[in-house]
1. So what is the relative contact order of the chain, in percent, for Cα pairs below 8 Å that sit 6 or more residues apart?
2. With a/c under 1.5 counting as rounded, go ahead and sort region 6-129 into rounded, prolate or oblate using the C-alpha gyration tensor (a ≥ b ≥ c being the square roots of the eigenvalues; past the cut-off, prolate if a/b is larger than b/c, else oblate).
3. For the chain, just say rounded, prolate or oblate: build the C-alpha gyration tensor, square-root its eigenvalues into a ≥ b ≥ c, call rounded for a/c under 1.5, and beyond that prolate if a/b exceeds b/c, oblate if not.
4. Any idea what angle helix 131-144 forms with the longest principal axis of the chain, computed on alpha-carbon atoms, 0 to 90 degrees, nearest 10?
5. Taking only Cα atoms, what is the 0 to 90° angle, nearest 10, from helix 183-197's long axis to the longest principal axis of the chain?
6. Could you tell me how many degrees, from 0 to 90 and to the nearest 10, lie between the Cα long axis of helix 112-123 and the main elongation axis, the longest principal axis, of the Cα atoms of the chain?
């Protein structure tokens, strides 16, 4: 296991908010705040200088907002993961952030435990969405489907099959073995599923499958 500290840049234009978040981060073992920025432009300058592992980014900032800053970070510093921490939890904001290249999205009322979990997830290369955010995205997608049309109609039979197995808790290797596919092929199907549905984590896929009736709710 990599024991190196997770180096974090904190970007928020409110001093009191930054101070509060920094205090929370400093209580997490193995996390180091290496810089603070008050807007997107300063964040980009500090990322170039400090090269943090994670940029913890607000959306509403003057000059250059968090969405645009995220897109610039992913273009110029792809090794830095972006975790959005925002008062906005509506699906539109989440979708914009993910399209810009964010690796995770948390509402500002998330618990300290969830903040730590999200940081460790995005550093590990995963996408993390707060359960409340995932639920809003799924609801919005289901509502957007045409009357009388199931959102599942957007998927191929193979994609629906893999989605069901994911929702039932099977691992990638288990799905590959069960369907006589390579692990790489299953991973490709999963990536296409996420892109097609605009859902970027396993929990969100499971929730979608339950709400569309593909699997039974617990």
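Bear in mind these aren't lab numbers, they're just calculated from the coordinates by the rules spelled out. Worth saying up front: this structure is predicted, and the values here are computed from it rather than measured.
1. Working: 332 pairs, mean separation 30.2, N = 218.
14 percent.
2. Working: a/c = 1.17, a/b = 1.08, b/c = 1.09.
Judged from the Cα gyration tensor, region 6-129 comes out rounded (a/c under 1.5).
3. Numbers: a/c = 2.15, a/b = 1.73, b/c = 1.24.
Prolate.
4. Here the helix axis deviates by roughly 50 degrees.
5. 80
6. 80
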